[in-house]
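Here, each number is a calculation from the coordinates, and none is a lab measurement. Bear in mind the structure is a predicted one, so any value in this text is a computation, not a measurement. Note: ideal-geometry Cβ built from the backbone for every residue, glycine included; neighbour counts use all protein chains shown.
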Amino acid sequence: MPSNKKVVKVGDAPDRDNPDRDKGKEAPLATLKDTFSFGADSKRRTPCLVIGLLCAAITGCIYPVMAFFFAKVFETLGADTASVDFMANIRTMAWTFMILGAVALVVMTIQNGCLEIASNDMTASLKKTWFNALLRQDMAYFDINEVSGTATIISSNSMRYKKGVGRKLGEGVQFTLTMLGGFIYAFWASWKTSLVVLGVLPFMAAAGAFVMKVTQNQTARSNENYAEAGSVAYTVVSAIKTVLSLNACRTMIKKYNAAIDNAYRVAADYMPIVGCANGTMMGSFILSYVLLTLFGSYLLYDAVRKTGCDPSGTLTNAGTLTNTTCDPSAMDVFGALMGMTFGAVGIPQISTALEALQGARQACHPAIEAMNRKVDNEVDDEGNDPEKASVEKEDERRGSVVLPKYVIDSSSSSGKRPSATKGDIEFNNVTFSYPTRSEAVVLNRMCLKIKAGKTVALVGPR
């Protein structure tokens with residue numbers, strides 16, 4: 001290899017004969033800045049993102065408000081039916097829920113519409129930029145990265161990218177505020193009751209993080225293996241005449257089926273782990289509901305037994321309470337239950353949104369790597385090699401194929417462009433081998449001089 005090569009580690013292709021090699025392997029992630037850098041030339045992207053996320057925040061605040069009114073219904077329905085205000089209060093609660101529903105409908109429609117527009121623009125920019133970056137790569141890049149596999153993952157990764165920076169991003173903001181608002185309201189309603197649930201929250205968070213980790217690794221491995229199957233299909237279709245002339249249809253079918261079976265095995269092996277993680281998460285939710293209900297009921301029972309208070313807060317005589325309301329009251333306990341329920345329901349949704357964002361960062365990472373491979377891209381402002389730094393962090397789990405320094409950019413408009421050239425072509429002690437087959441020397445200290453105007457044919461050995 002030339003002495004001025006640039007060391008860049010690149011990922012190994014999936015091992016079809018040894019799928020266990022890919023277990024525990026994580027795909028590299030693009031930075032958040034790079035992930036959201038696409039579509040910057042679109043005038044709609046930034047306004048739609050801002051409006052969509054703002055609407056997501058409003059939607060997230062609606063659920064804690066609904067928890068308060070749900071608890072209020074408990075008090076309203078428990079009031080004296082003979083009271084003149086009973087039906088008026090019922091109508092007020094009905095109108096309140098109708099208004100909340102209408103607001104949620106409008107805001108969520110704007111939220112999803114704006115985020116879909118922004119994600120479509122960003123995804124279209126990702127595809128165009130990625131494709132243009134691939135077209136200017138040299139042959140060494142495609143010797144390491146399989147052409148047909150790259151063509152396959154452009155489509156699949158674009159779908160994952162769109163999911164992570166679009167609707168799921170809004171849902172992440174929405175359910176984060178729902179979780180915070182629900183927990184805040186629950187502690188305001190009855191801090192004693194809500195405090196019990198905090199003992200279960202670490203289990204909820206651990207289960208959610210475990211689900212995200214397992215699903216992330218599963219997605220990365222499946223993507224690699226299905227890219228291999230897509231590579232086989234692309235090769236066969238593009239060279240169908242050669243395949244038919246060699247009577248190699250059965251061989252290629254077996255090769256394609258082997259790639260599909262390997263992808264299926266990799267995905268199926270993780271299903272029990274994913275199921276166990278999801279079951280653990282739901283079990284922690286149910287446990288929190290049980291603890292909340294039992295402890296809240298105990299607080300009400302203990303207050304009634306000791307003071308004879310009114311747990312409902314609705315016993316009145318001519319509009320005046322005839323008994324002291326318990327502290328906490330049934331409304332407070334029910335409000336704490338609803339607040340913690342809404343907050344707990346938001347946790348797995350946040351986990352799913354984070355998983356989708358991680359998937360988007362994985363999906364655009366190959367595009368970022370291709371885009372960052374530029375001529376004279378030696379060091380950044382801090383003296384670091386951006387291309388080398390972005391890849392060598394993965395040394396422990398990635399391959400060690402050496403990619404030569406990128407010196408010719410076919411798409412560049414800079415430099416001199418003579419209208420005509422004339423001169424001799426001379427090779428002086430040239431040694432060359434392909435990056436993926438460094439042990440097989442193609443040219444070994446070759447010396448050759450071709451005079452101007454001469455035609456020379458290079459023929460291999462017999």
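Starting from the Cα gyration tensor of the stretch 48-159, take the square roots of the eigenvalues, sort them a ≥ b ≥ c, and report rounded, prolate or oblate (rounded when a/c is under 1.5, otherwise prolate if a/b is larger than b/c, else oblate). The partial results should precede the final answer.
Numbers: a/c = 6.49, a/b = 4.29, b/c = 1.51.
Prolate.
Determine, for each peptide in 253-261, 94-102, 129-137, the mean count of other beta carbons within 10 angstrom over its residues, then list the peptides with the highest first. Please report the intermediate quantities before stating the final value.
On the way: 253-261: 15.2, 94-102: 11.8, 129-137: 16.9.
For the peptides 253-261, 94-102, 129-137, the packing ranking is 129-137, 253-261, 94-102.
If packing is taken as the mean number of other Cβ atoms within 10 Å per residue, what is the order of 408-418, 156-166, highest first? List each step's numbers first, then the result.
Values: 408-418: 8.1, 156-166: 21.5.
Sorting 408-418, 156-166 by mean packing, highest first, produces 156-166, 408-418.
May I ask for the distance between the Cα centers of the stretch 330-360 and the stretch 240-273, given as a whole number of Å?
So the separation of the two Cα centres works out to 42 Å.
Net charge around Ala207, counting only other residues with Cβ within less than 15 Å of its Cβ (Lys, Arg = +1; Asp, Glu = -1)? Display every interim value, and only then the final one.
Numbers: positive: Lys213; negative: Glu355.
Summing Lys/Arg as +1 and Asp/Glu as -1 gives 0.
If R0 is 60 Å, what FRET efficiency do you get for Trp191 and Lys254 from their C-beta distance, rounded to 0.05? Let's see the in-between values first.
On the way: r = 65 Å, r/R0 = 1.09.
Approximately 0.40, to the nearest 0.05.
Subtracting the Cα-Cα distance from 0.36 nm times the residue separation, let me have the gained length for Met159 to Thr307 in nm, one decimal.
Numbers: separation 148, 0.36 × 148 = 53.28 nm, distance 6.17 nm.
Working it through step by step, the gained length comes to 47.1 nm.
What is the local net charge at Tyr234, summed over the other residues whose Cβ is closer than 13 Å to its Cβ (Lys, Arg +1; Asp, Glu -1)? Numbers along the way, then the final one.
Numbers: positive: Lys255; negative: Glu146, Glu228.
Net local charge, Tyr234 excluded: -1.
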